[in-house]
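The values are calculated or read from the model by the stated rules, or taken from the named source; none is laboratory data. Computed from a prediction, not measured in an experiment: that's the story for all the values here. Counting neighbours? That spans all protein chains shown, and the Cβs are built from the backbone with ideal geometry, glycine included. Calculation scope for accessible area: heavy atoms of the full protein, side chains included, ligands and nucleic acids excluded. Shrake-Rupley method; radii C 1.70, N 1.55, O 1.52, S 1.80 Å.
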Amino acid sequence: MVAGICAGAVVAAVLASGTGGAGAGAPDGYRMRTDARFAPVGALVPSAAVTYDSKLVPAAAWIQVSQRTTVSGATTVRLRVDGMVPGHAYGVHVHQKPCGADPAAAGGHFQHRPSTDPAAANPDNEVWLDFTADEHGAAEASAGHAWGFRQGEASSVVIHDMPGSHTRGACFTVPFGWAP
């Protein structure tokens, strides 16, 4: 089932069996894949993928995010990109809210166990998809956890300038789901 098409660039495929959609009782869990081309804030043709710094994440660079959550709650998130800056190391995390014109709109990192303790910002408690683009600007990353997302608390993937950086270069709104 195709969940949506935005300006011909974003296609989200909800692949859950059963009644389908964001954890709606599918017997085998939740599966989703979505992709888009990055566009600057205020672009004539809007996109679910927004670049805040086109030198870091060029307009028209491509991103794909997929998720697989089993009925037990184990979740794997995969990321693929193309058209990025060759050789650049990026930090990438799942964030709480959808993207907006303001880079801060995506909120903070999704955390399995929410905490204000800086030590809780780690790859065991969050979904980290850091990558270094190859000589062609392409890369892949994945993260797997024994836990899944809580309903409505994971809504985007933010690309940071580099691993450990707080500078937000781009954001992609993603229809993350959960398994009941």
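Results for (1) in contact with a helix residue (DSSP H, G or I) (Cβ under 7 Å, 6 or more places away or on another chain); (2) surrounded by 13 or more Cβ atoms within 10 Å (Cβ to Cβ), shown as yes or no for each residue.
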position: Cys99; (1), (2): yes, yes
position: Pro114; (1), (2): no, yes
position: Glu126; (1), (2): no, yes
position: Asp130; (1), (2): no, yes
position: Glu135; (1), (2): no, no
position: Ala139; (1), (2): no, yes
position: Gly144; (1), (2): no, no
position: Glu153; (1), (2): no, yes
position: Ile159; (1), (2): no, yes
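Among the residues of the stretch 105-120, is there at least one that is over 16 Å from the mean Cα position of the chain (by Cα), within 22 Å of Ser54 (Cβ to Cβ) and in contact (Cβ under 8 Å) with a residue 24 or more places away in the chain? No, every residue in the stretch 105-120 fails to be over 16 Å from the mean Cα position of the chain (by Cα), within 22 Å of Ser54 (Cβ to Cβ) and in contact (Cβ under 8 Å) with a residue 24 or more places away in the chain.
When the criteria are applied in full, Ser165 fails the requirement of being surrounded by fewer than 19 Cβ atoms within 10 Å (Cβ to Cβ), among the hydroxyl-bearing types (Ser, Thr, Tyr) and assigned to a strand (DSSP E or B). Would you pick out the residues in the stretch 33-70 that are out of contact with any strand residue (DSSP E or B) (no Cβ under 8 Å at 6 or more places or on another chain) and either surrounded by 15 or more Cβ atoms within 10 Å (Cβ to Cβ) or of a type outside the set (A, V, I, L, M, F, W, C) (or both)? Residues satisfying the conditions are Gly42, Lys55, Thr70. Within the stretch 168-180, being open to solvent by less than 20 Å² (accessible area, probe 1.4 Å), in contact with a Phe, Trp or Tyr (Cβ under 7 Å, 6 or more places away or on another chain) and within 24 Å of Met84 (Cα to Cα) holds for Gly169, Ala170, Phe176.
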